[in-house]
Amino acid sequence: MYKILRLTVIVFAVTSFTTGCRNLATANVNPTTDLSTLKTMYVKHYPSDNSEVNQEIADKLRGKGVTVTTGSGAPPNNVDALVTYVDKWMWDITMYMLELTVTIRDPKTEAPLASGNSLHTSLTRKSQTAMVEEVVNNIYGAAPTAASSAAQVPISQSALVNSSPPTTAPESQLNNSASATTPKDLAQKLQALNDLKKDGVITEVEYAKKRKQLIENF
């Protein structure tokens, strides 16, 4: 009996130690979302939240240059984004925030535009303010900048960009893609054209038209 009790205590201690050290912080931004264009936001407050998490999220967003309002009703018609959140709490001598998820949504469809999550268990716990700061900073840190977006353009697509100032990116890419002279060039241009269609840069109709033009020119 003593050995069983001792083994139980050891297992409990090991489990508490491993789970108590767990922490996680992640963020994701929709590739089509430019957070810098979202100038007004509405943070949804939930009646079950008595820790004013909504106010802290609103304050942190204001620090990002956003005009923010918060309340428990429907968002105003003129806001650029709706912000929702889910907070989870844990008791360990005192109550502390275990996990926080913040989601920036389209105010009309409520489709997620960006989200961030922070999870800190007992031994790595953070204050409510620190959790909010971590999540919001990670969301804005995950948003691609203009420089990084240009650096991430696939070679097959960047090869289609005309050296002269384009009127619009899709148009210049499509017009310049019609100059295949060898079988290898043709294959590369067709692949690049297909990439543009997959990425949603051009429509199916534009893809078919330019594909036909490439083949005819060859």
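What follows draws every value from the coordinates through simple rules; no lab data is involved. Remember, predicted model here, so these are calculated numbers, not experimental data. Here Cβ is always computed from backbone atoms with ideal geometry, including for glycine, and neighbour counts include all displayed protein chains.
Structure values in brief
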| quantity | calculated |
| --- | --- |
| Theoretical FRET efficiency, 1/(1+(r/R0)^6), r = Cβ-Cβ of Leu24 and Ile93, R0 25 Å, to 0.05 | 0.65 |
| For segment 38-92, average projected area of the Cα convex hull in nm² | 4.2 |
| In nm, spacing of pseudo-spin labels at Ser36 and Glu204 (7 Å Cα→C-beta vector) | 3.5 |
| Percent of beta bridges antiparallel (DSSP, segment 43-118, rounded to nearest 5) | 85 |
| Charge sum, other residues only, whose C-beta stays under 14 Å from Ile57's C-beta, Lys/Arg counted +1 and Asp/Glu -1 | -2 |
